[in-house]
Amino acid sequence: MSKVKISHLTKSISGELHLNGSKSISNRVLVIRALCGEDFDLENISSSKDSSTLIKLLKNEDTEQVFDAGHAGTTFRFLTAYFAIKDGKQFLTGSHRMLQRPIGPLVEALNQLGANISYDQNKGYPPLQIETPTGETGGEVSIRGDISSQFLSALLLIGPYMDRGLTLNIDGELVSRPYLMMTINLMRHFGAELSFEDQKIVVKKGGYKAKDFFVEGDWSSASYLYEICALADKAEIIVTGLSQNSLQGDSQVLGYFEQLGVNSEFLDGKLKLTKVPSFEKPEIIEFNLIEEPDLTQTIVCTCSGLGINSVYSGLKTLKIKETDRVAALTEELSKFQVFFTKLPDRFSEKQDDDFYMLSERILPTEEEQEIDTYDDHRMALAFAPLGLIKPITINNPEVVVKSYPEYWEHLKNLGFTLAFSE
């Protein structure tokens, strides 16, 4: 098993880094370009493994082929919809973990819209057999909004190419709304006609128009730089590539970390992050991350390092990510005698949501602590900055290639000491 040991001698951070294009934006525009049928330039595309996997699979024009999405959940879900309106016979599969992640609501919706998709093994889960549609595609369908916004985005992206267009009714609470709005805004940018009122989205048949596009830097990746600033004794990081008026919901990290002692300032198109020297930590903070679930591990690890008791809600989608992220956080934080605990239902004003309490602090010792990543890139990305507090060893550090392949090099540039071993 590969490992990397992480530490920092001075606890003082200074440097300038460039963040590559957003994975979420890149993947949506890649599907739009493939559907468009006319090539256009896509600059600053994400360097992530997820995006490179999607590029490779979209380029494969065989009508009978096995497509392996690996660990890439967005890629799998987007390709499920993409192939659903194509002629041919495709077998879509993924990693062992991918075969445990539910796909049923998306498949059922697509089949109602004329697709011809069947399960190869377990009903409701990959792998999938996707064949030529049985007739006209499109029409009206309902889908729950509280499972994954990627299901909704996958349906919307193909809407302009359905024979009857698409009317999508969202049932119940909508999670990760910013990701859905990102999809809608990108579709409109490329010429799609759609409306979104109340819980109904109507997409007209019509297709996309080719136009060159520049992908803004990834705010999810920026969150780990915020964490580093918050945990350092002194910090100033200049970040290039990010958009101040971002399409990404995770740009809200700016406001969250203002509460955790990090000041943000845009100067000449660059983001300057500084540690607030006089920061006084609050006794307790509450975070509802229903719209930015991918920030959960970053914020929880930061509060663990700072010793800020905190309460979390809006985590319902974390159990079906690359791993069960709530369980993984609970297990790995317990190694530091830090507790991430589900509160009894009586503490919740909303009985359909769970609340979690984070308590205790990671103590600065010389004792090395080993962290398992569960094949989840965000576990490695979020726990690595804790090397500012004590030596941390991350198992399977290569998982970061899924979203942020430059991460370890960026940590070196910020003064971290990294020792890789097998």
Query raised in the report: Looking at (1) in contact with a strand residue (DSSP E or B) (Cβ under 7 Å, 6 or more places away or on another chain); (2) over 30 Å from Glu43 (Cβ atoms); (3) free of Cβ contacts under 8 Å to residues at least 40 places away in the same chain, which is the only condition Lys275 fails?
Result: (3)
Report task. Check off (1) of a type outside the set (S, T, N, Q); (2) surrounded by fewer than 18 Cβ atoms within 10 Å (Cβ to Cβ); (3) under 23 Å from the mean Cα position of the chain (by Cα); (4) under 29 Å from Gly135 (Cβ atoms) for Arg33 and give me the number that stays unchecked. Result -> (2)
Query raised in the report: Looking at (1) surrounded by 16 or more Cβ atoms within 10 Å (Cβ to Cβ); (2) at pLDDT 95 or above; (3) out of contact with any Leu (no Cβ under 9 Å at 6 or more places or on another chain), which is the one condition that is false for Gly191?
Result: (1)
Requested in this report: Out of Ile228, Ile237, report the one residue that is in the same structural domain as Cys301 (by TED's automatic domain parsing), crowded, with 18+ Cβ neighbours inside 10 Å and either on the phi > 0 side of the Ramachandran plot or assigned to a strand (DSSP E or B) (or both).
Outcome: Ile237
Requested in this report: Please specify each residue of the stretch 49-82 satisfying the condition of being under 18 Å from Val31 (Cα atoms), loosely packed, with under 15 Cβ neighbours inside 10 Å and not β-branched (Val, Ile, Thr).
Outcome: Lys56, Lys59, Asn60, Glu61, Asp62
Query raised in the report: Which condition breaks for Phe355 when tested against (1) under 26 Å from the mean Cα position of the chain (by Cα); (2) modelled with pLDDT of 95 or more; (3) not charged (D, E, K, R)?
Result: (2)
Report task. Using the structure shown, decide if Ile85 is closer than 26 Å to Ile170 by Cβ, surrounded by 23 or more Cβ atoms within 10 Å (Cβ to Cβ) and either touching a helix residue (DSSP H, G or I) at 6+ places or on another chain (Cβ under 7 Å) or at pLDDT below 95 (or both). Result -> no
Query raised in the report: Of (1) within 30 Å of Ser24 (Cβ to Cβ); (2) over 22 Å from the mean Cα position of the chain (by Cα); (3) charged (D, E, K, R), Arg361 satisfies all except one. Which?
Result: (1)
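Tell me yes or no: at least one residue of the stretch 60-77 is β-branched (Val, Ile, Thr), more than 18 Å from the chain's Cα centre (by Cα), outside the structural domain of Ser221 (by TED's automatic domain parsing) and not in a helix (DSSP H, G or I).
Checking the stretch 60-77: at least one residue is β-branched (Val, Ile, Thr), more than 18 Å from the chain's Cα centre (by Cα), outside the structural domain of Ser221 (by TED's automatic domain parsing) and not in a helix (DSSP H, G or I).
Can you give me the number of residues within the stretch 187-225 that are part of a strand (DSSP E or B), over 24 Å from the mean Cα position of the chain (by Cα) and either touching a residue at least 12 places away in the same chain (Cβ under 8 Å) or under 30 Å from Val262 (Cβ atoms) (or both)?
4
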Query raised in the report: Do you know which of the residues in the stretch 270-305 that are surrounded by fewer than 19 Cβ atoms within 10 Å (Cβ to Cβ) and among the aliphatic types (A, V, I, L, M) is modelled with the lowest pLDDT?
Result: Ile290
Report summary line: Note on Asp87: of the conditions (1) more than 30 Å from Gly314 (Cα to Cα); (2) assigned to a helix (DSSP H, G or I); (3) acidic (Asp, Glu), unmet is (2)
Query raised in the report: Mind checking which residues of the stretch 199-242 are farther than 30 Å from Ile143 by Cβ and among the polar types (S, T, N, Q)?
Result: Thr240
Query raised in the report: Among the residues of the stretch 88-118 satisfying the criterion of being surrounded by fewer than 24 Cβ atoms within 10 Å (Cβ to Cβ) and among the aliphatic types (A, V, I, L, M), which is modelled with the lowest pLDDT?
Result: Met98
Query raised in the report: Could you say whether any residue in the stretch 396-415 is polar (S, T, N, Q) and either farther than 18 Å from Tyr224 by Cβ or assigned to a helix (DSSP H, G or I) (or both)?
Result: yes
Query raised in the report: Quick one: is Phe40 farther than 30 Å from Gly269 by Cβ and either buried (at least 18 other Cβ atoms within 10 Å of the Cβ) or modelled with pLDDT of 95 or more (or both)?
Result: no
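The values are calculated or read from the model by the stated rules, or taken from the named source; none is laboratory data. For clarity, every value in this text was computed on a predicted model and none was experimentally measured. Methodologically, a virtual Cβ is constructed for each residue, glycine included, from the backbone with ideal geometry; neighbour enumeration extends over all protein chains shown.
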